[in-house]
Amino acid sequence: MELQGYSQLEKFAEGGMAVLYRGIQTSLNRLVAIKVLKAAVSETPEARQMFEAESQIVARLDHPHIIRVIDKGLTDEDMPYFAMDFVEGDTLKEALKGGVLNSRRKLRIIIQIAKALSYAHKNGVIHRDIKPGNILIDGENNARVVDFGIARIFSEDTELSQASEEGLTVGTLSYMAPEQHLGAVHASEASDIYSLGVIMYLMFTQKMFKPGYPPPSHFNKNLPAAIDKITMKCLADERTDRPTAEALISLLLKSVKGAHLKQEQKQDAKAAFQDPKEKFRLLDIIKETDYSTVSLYENREDNSLMVLKKRINDFSGYSESELLSRLKHPNIINIRGVTRNDRIFIIVMEYLSGGSLQGRMAKPLTPENFTRIAKQICDAMCFAHNNRIYHGNLRPQNILFDENNQVKVMDFGFALHYGLSEEKSWYQADGEPPSQAADVFSAGVIFYQLLTGNLPEWDKNILVIHDYWHEMPKHLQKLIKHMLERTPEHRAQTFDDVKEELNHTPAPPKPTQAPKRLQPKPKQAPPKKSRTLIVLIAILLVTINIALYTWMFGEKGFSAETWKKVPYLPELVETHIPKLIEQAKGYISQYFPEPPTVAKEIPITPTNPTPTKQLTSDSIKSQSSTLAPAVKAPPTSTNNESWKKTRVFKDQADDDEESVF
């Protein structure tokens, strides 16, 4: 096989999903392990998706007991691969078969696996396939967890959707928790704890656990009762009955009482911490470097825990620690005491089980979680600055959490040592002495990293803006940019200023609406047509017709019998015409407070005409003269439009089709 950027590739292992190669990364001339997806399963969507997700997930994790991913890509055959640190050693599966592990080494491996899981779980990552074959034992007998290829981030941006996981069973059958048999979507952090419990049962009894089996002490009479109880607690059927990874670490450390530590580690700790009355018991070595050692102790009297940090030939931070031992703040670690001699400086602190901020930065925080943490950091720094204490080296490693997720800042005044000198520039402004403004700059780098998942970059002292920057809320963009000014005078000067910006509540976004010029004009209702006007016109036409009939017959004269023979005329004159006139008067009086002046109406007299009396032409003319002036005709001048306007009433129907009269 050939792969660009790598040489001397040699196949050395093969699993169900992938083939492992050993090779040299030519750019750095270092030995690496390369995992390549098998061609046989490369067309399976679930398997390919899992493999591609592994490199993205593991690349976020940085822990001494998790294999680190250093590169990823595609082969010439379009097969996905990723390169990781090569660990020389055997798997736990091979070590158990060889029978080379004593009780101390077994306990050490179990605690290290629990620490790796605790770190992963705090960053939202579940392994889901913890088994001996996925645990490597290096040359120093340290455990390293591998194969996060079927891990899943249990958040909104999960790599494998729940829909694709419903019918998918992921893991190794013998090590799977009961809920995992229902489908991969049901896996949780507690599932990893169950799998670790199966490994513990196997390590202590040489038997594979099955539901209904007795505790491991049934097969191993020398097993301490505390370890026996912890193992069965991890194997509980109900996930809520299993301990968390962090709780499991505490249970194990208190139970083994330092039995997992190497003899030379115990001797070094005893030489550094003089305890003639043996009031304290060494439980664990948390961190060990060439410059310092961090150890965990238990008070034999009350079983409380404390941390002892030993600094060799470095007394930076002594005066700050001595002052803070007399001062207390809820967001600064509680220092119980300090001491020193010509070569060693020792500080005793409270034990915090929540880990460091560095252990929670595998993915960006939400603005809400960020703001909660940032405000507590600001509170701690304000208190220290008010007491003339500068930190000088603020970074995620020295920001811790207690069991209630409360922030605790430590290591004020400490000078850290680095393997690479350029790493100093990550959280410190070049050439600046310790000051309030320098601490603000360090906090700005941390804030940027918490929100984006990346370290900031500068080009000629100007902050480089990447795409992920714009995903940050606007007021936080402004704040962090102000904190990261390279020139101290242009930077936010105090953490009080930073807190004021953090407490700023941005105004809710205004509802989106089109500009006024783009908004459609409201449609105007069509002008209403007057129903009353139609009634008046009808009355006018009827009156004109009556007058016309009267004139026609009046010229010749006719008898009462002839009057009655005209079709509908008597009924129209005697009944309908008066009613129409009364309706017209009602309409006019209703809509006009001051109705126009009209001629006085003369009632129609011939309600009971005498059949023998002849109607003269004068009487007919008198009747017609009393009917015609009842309603004025519209003027015929240019004022016609204004006349129409006076006939539009408020209760008028919208259109002619709805008008009835």
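With the full set of protein chains in place, find how many percent of the accessible area of the stretch 223-349 is carbon and sulfur; take the probe as 1.4 Å. Of all accessible area on the stretch 223-349, carbon and sulfur atoms account for 48 percent. The solvent-accessible area of residue 487, taken with every protein chain present and a 1.4 Å probe, is close to 60 Å². Think of a 1.4 Å ball rolled over the protein heavy atoms: the stretch 79-142 then has 34 Å² of accessible area per residue. Extension gain for residue 210-residue 487 works out to 93.2 nm (0.36 nm per residue, less the C-alpha to C-alpha distance). Couplings 3J(HN,Hα) of the stretch 219-226, computed from phi: 9, 10, 5, 8, 6, x, 4, 5 Hz, in residue order, whole Hz [Karplus 6.51 cos²θ - 1.76 cosθ + 1.60, θ = phi - 60°; x for Gly and Pro].
How much accessible area per residue does the stretch 343-420 have, in Å², with a 1.4 Å probe?
Roughly 38 Å² per residue, with all protein chains present.
Residue-wise HN-Hα couplings along the stretch 295-308, as the Karplus relation 6.51 cos²θ - 1.76 cosθ + 1.60 with θ = phi - 60° gives them from phi, are 10, 10, 10, 10, 6, 5, 7, 10, 6, 6, 10, 8, 10, 10 Hz; Gly and Pro carry x. If R0 is 25 Å, what FRET efficiency do you get for residue 141 and residue 226 from their C-beta distance, rounded to 0.05? After rounding, the FRET efficiency stands at 0.65.
Which sequence of 219, 148 reflects their accessible areas, 1.4 Å probe, from the largest down? Let's see the in-between values first.
On the way: 219 80, 148 5 Å².
In descending accessible area the options line up as 219, 148.
For the stretch 197-296, the equivalent ellipsoid built from the Cα gyration tensor has semi-axes of 32, 15, 12 Å, listed from largest to smallest. Quick one: net charge around residue 199, please, counting Lys, Arg +1 and Asp, Glu -1 for every other residue with C-beta under 13 Å from its C-beta. Taking every Cβ under 13 Å from that of residue 199, the sum is +2.
Note on the stretch 261-404: Rg/Rh from Cα positions, Kirkwood definition for Rh, rounded to two decimals, is 0.98. Heavy-atom accessible surface of residue 60, to the nearest 10 Å², is about 80 Å², with a 1.4 Å probe and all protein chains retained. Paramagnetic label reach from residue 375 (point 7 Å along Cα→Cβ; backbone nitrogen cut-off under 18 Å): within the stretch 456-493, residues 473-477, 479-480. Report the FRET efficiency, 1/(1 + (r/R0)^6), for residue 254 and residue 102, where r is their Cβ-Cβ distance and R0 is 35 Å, rounded to 0.05. Result of the calculation: an efficiency of 0.95.
Packing, taken as the mean count of other beta carbons within 10 Å per residue, orders the peptides 18-29, 382-393 from highest to lowest as 382-393, 18-29.
Within the accessible area of the stretch 362-406, the carbon and sulfur atoms contribute 42%, probe 1.4 Å, all protein chains present. With the simple spin-label model, which puts each label point 7 Å out from Cα in the Cβ direction, the residue 582 to residue 406 separation comes to 9.2 nm. The calculated FRET efficiency for residue 264 paired with residue 363, based on their beta-carbon distance and R0 = 45 Å, is about 0.75.
Remark: for residue pairs 287/408; 310/363; 221/257; 233/363, the C-alpha separation exceeds 24 Å in 310/363; 233/363. Projecting label points 7 angstrom from Cα along Cα→Cβ for residue 435 and residue 326 puts them 2.8 nm apart. Note on residue 181: accessible area approximately 100 square angstrom, rounded to 10, probe 1.4 Å, nucleic acids and ligands left out.
The values are calculated or read from the model by the stated rules, or taken from the named source; none is laboratory data. Bear in mind that the values here come from a model prediction, so they are computed numbers and not experimental data. Using ideal geometry, Cβ is built from the backbone for each residue, glycine included, and neighbour counts are taken over all protein chains shown. Note: accessible area is taken over every heavy atom of the protein model, side chains too, but ligands, DNA and RNA are not part of it. Shrake-Rupley method; radii C 1.70, N 1.55, O 1.52, S 1.80 Å.
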